[in-house]
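K.L.:
Take a look at this one; I'll ask things after.
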Amino acid sequence: RRSSDLAEALMENETLRTLELGYNPIGPKGGALLANAVKFHSKISTLRMGWCKITKEGAWHIADAIKYNQCVTTLDLRGNELGDEGCAALAHSLSLVNENLTSLDLGYNEIKDKGAFALAQAIKNNADGCIASISVNNNYITKFGEVALTEAVELVQELNPDRDLYVQF
């Protein structure tokens, strides 16, 4: 109920720019409600949802929202058990459209190489995007995933010498 009340308020929001929900167990359903609110209606530029138990199911909704949202520049999803599937959903959105999001934190999400490969492909597919910082620290990414992400960053920087992109392992 509280997530739906907050989502309803966000749909009418014209002033709030930063929303910190960290450590509130809103779960995948709450994540879906908030994602729907942020999708078209919110003016939120910084959305911090670390350790909210979003899971991969909620990640699909958030990924869909960032395809359309024109305001979110910072998205913090640390510690939400997104795994490779949730990471891949977000990566897919980043590869299609990324005109605003500059910072994405996916630390502590049980992401393995498959998720890292999806992120690397998204970075390559959207070499002109504006993402500047991606954090995947404290996941289960091996050297293979790290190399894929590093090579993607190097390709982007080769294609766009003025662009800064940093991936934190």
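The values are calculated or read from the model by the stated rules, or taken from the named source; none is laboratory data. The structure presented is a predicted model; accordingly, all values stated were derived computationally and were not measured. All Cβ positions, even for glycine, are placed from backbone atoms using ideal geometry, and neighbour counts span all protein chains on display. Keep in mind that these areas ignore ligands, DNA and RNA; they rest on the heavy atoms of the full protein, side chains included. Shrake-Rupley method; radii C 1.70, N 1.55, O 1.52, S 1.80 Å.
K.L.:
Might you let me know whether the range 94-106 holds any residue that is in contact with an Asp or Glu (Cβ under 7 Å, 6 or more places away or on another chain) and touching a residue at least 24 places away in the same chain (Cβ under 8 Å)?
P.N.:
yes
K.L.:
Scan the range 103-136 residue by residue and report those that are more than 22 Å from Glu158 (Cβ to Cβ) and in contact with a Phe, Trp or Tyr (Cβ under 6 Å, 6 or more places away or on another chain).
P.N.:
Matches in the range 103-136: Lys112, Asp113.
K.L.:
Restricting attention to the range 152-165, does a residue exist that is touching a strand residue (DSSP E or B) at 6+ places or on another chain (Cβ under 6 Å) and not in a loop (DSSP other than H, G, I, E, B)?
P.N.:
yes
K.L.:
Could you give every pair whose Cβ atoms fall below 6 Å, whose first residue belongs to the range 71-82 and is in a loop (DSSP other than H, G, I, E, B), and whose second residue is of a type in the set (Lys, Arg) and surrounded by fewer than 22 Cβ atoms within 10 Å (Cβ to Cβ), counting only separations of at least 6 or pairs across chains?
P.N.:
From the range 71-82, the pairs are Cys71/Lys43; Leu82/Lys56.
K.L.:
Restricting the range 67-83 to residues that are more than 16 Å from Pro28 (Cα to Cα) and open to solvent by 30 Å² or more (accessible area, probe 1.4 Å), which is modelled with the highest pLDDT?
P.N.:
Here the residue is Thr73.
K.L.:
Does Gly145 satisfy the condition of being surrounded by 22 or more Cβ atoms within 10 Å (Cβ to Cβ), more than 25 Å from Val72 (Cα to Cα) and free of Cβ contacts under 8 Å to residues at least 60 places away in the same chain?
P.N.:
yes
K.L.:
Let me ask something else about it. Do we find a residue being surrounded by fewer than 19 Cβ atoms within 10 Å (Cβ to Cβ) and of a type in the set (Val, Ile, Thr) anywhere in the range 56-64?
P.N.:
no
K.L.:
Another question, then. Within the range 41-49, is there a residue that is assigned to a loop (DSSP other than H, G, I, E, B), open to solvent by 20 Å² or more (accessible area, probe 1.4 Å), touching a residue at least 12 places away in the same chain (Cβ under 8 Å) and within 23 Å of Ala91 (Cβ to Cβ)?
P.N.:
Within the range 41-49 (the criterion being assigned to a loop (DSSP other than H, G, I, E, B), open to solvent by 20 Å² or more (accessible area, probe 1.4 Å), touching a residue at least 12 places away in the same chain (Cβ under 8 Å) and within 23 Å of Ala91 (Cβ to Cβ)), the answer is yes, since at least one residue qualifies.
K.L.:
Go through (1) among the charged types (D, E, K, R); (2) over 19 Å from Leu96 (Cβ atoms); (3) in a helix (DSSP H, G or I) and name the single condition Lys124 misses.
P.N.:
(2)
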